[in-house]
Amino acid sequence: MGEQTLLEALRLAPGDTCVDVGCGDGTAVADLTDAHLKTIGVDSDPAAIAIARARTPDAVFHVAPSDDLPLEDESVDGYHAARLFHLLADPRPTITEARRVLRPAGRIVLVGQDYGFLLLHSDDPDLTDVVELGLESRSVAPRAARGFRDLLLDAGFHDVEVVVHTEVVTDHRRLADQLAEAATAAVDKALITRADADGWLAEQADRGRRGRFLAVAPTLQVSGTR
Ligand SMILES: C[S@@+](CC[C@H](N)C(=O)[O-])C[C@H]1O[C@@H](n2cnc3c(N)ncnc32)[C@H](O)[C@@H]1O
């Protein structure tokens, strides 16, 4: 375990080709293109692709699902997918497709936050656990990231590495909207009452005002070689 950049995990050289699947607004596409890679961004959402394309006109973009990429067999040197797999009911067709488009010895890098690892400091840790379950209920596969290593090994990837990047947030304002969404989701799922949710949110806001807000969110980066 330790710090490792995306480029180190991909083991790519300038001029190599890398696809970013579920590229969203194209942050990673821009970074990879700046690192002199030939970059392809893929996302199922045309609006996301429009934003990503405007940001990095030099990259190639496709609107397509992760399990049916408009790319030739063994045509890319690297494959990256960040914060995609918690949205997939079944990750296996996406991994099969990744393997198809990656050249032999090409590297895959999956990045994701496992919602089961989220730490939020509170005077009421039990209530906090339930609010976090509310947050999880909003994703199809909120704990997908802990399965990345299995997924790659099962698909025949080797040289599989797991590293963790941990984000520490002490500014309540940065997460206030997500906390409110999580608490509301817990209410919607009948896990807690609205009064519980409001009390919990008030405590978090108070922590923010007193400079005592603390959230710790590890992100897994799991890479492997085809
Ligand atoms: C949470 S965003 C992450 C965006 C970006 N990778 C990042 O890390 O900031 C997930 C993205 O995956 C896209 N997406 C969701 N399901 C997809 C699928 N089955 N195939 C391709 N893209 C998908 C969404 O449209 C969205 O842009």
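Residue pairs whose Cβ atoms lie under 8 Å apart, separated by 6 or more positions or on different chains, with the first residue in the stretch 138-153 and β-branched (Val, Ile, Thr) and the second surrounded by 18 or more Cβ atoms within 10 Å (Cβ to Cβ) and not in a helix (DSSP H, G or I), are Val140/Leu88. Assess whether Thr94 counts as being within 21 Å of the chain's Cα centre (by Cα) and assigned to a helix (DSSP H, G or I). Taking the combined requirement at face value, the residue satisfies it. In the stretch 69-79 there is at least one residue that is under 19 Å from Gln221 (Cα atoms) and either within 9 Å of the ligand (Cβ to nearest atom) or out of contact with any Asp or Glu (no Cβ under 6 Å at 6 or more places or on another chain) (or both). Residues in the stretch 1-35 that are at positive phi and at pLDDT 95 or above were compared, and the one that is surrounded by the most Cβ atoms within 10 Å (Cβ to Cβ) is Gly26.
Okay, residues lined up against (1) within 15 Å of the ligand (Cβ to nearest atom); (2) farther than 19 Å from Val222 by Cβ:
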| site | (1), (2) |
| --- | --- |
| Thr17 | no, yes |
| Ala30 | yes, yes |
| Lys38 | no, yes |
| Ala59 | yes, yes |
| Thr96 | yes, no |
| Gly112 | yes, no |
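In the set (1) aliphatic (A, V, I, L, M); (2) away from the ligand (no atom under 12 Å from the Cβ); (3) closer than 30 Å to Arg194 by Cα, the condition left unmet by Ala105 is number (3). In the set (1) within 25 Å of Pro104 (Cα to Cα); (2) surrounded by 15 or more Cβ atoms within 10 Å (Cβ to Cβ), the condition left unmet by Thr56 is number (1). When the stretch 178-218 is filtered for residues that are in contact with a strand residue (DSSP E or B) (Cβ under 7 Å, 6 or more places away or on another chain) and modelled with pLDDT of 95 or more, the ones remaining, listed by number, are Ala215, Val216.
Would it be correct to say that Arg194 is closer than 15 Å to Val131 by Cβ and without any contact (Cβ under 8 Å) to a residue 12 or more places away in the chain? Criteria met by Arg194.
The values are calculated or read from the model by the stated rules, or taken from the named source; none is laboratory data. If you're wondering where the values come from, they're calculated on a predicted model, not measured in any experiment. So basically every Cβ, Gly included, is an ideal-geometry build from the backbone, and we count neighbours across all protein chains shown.
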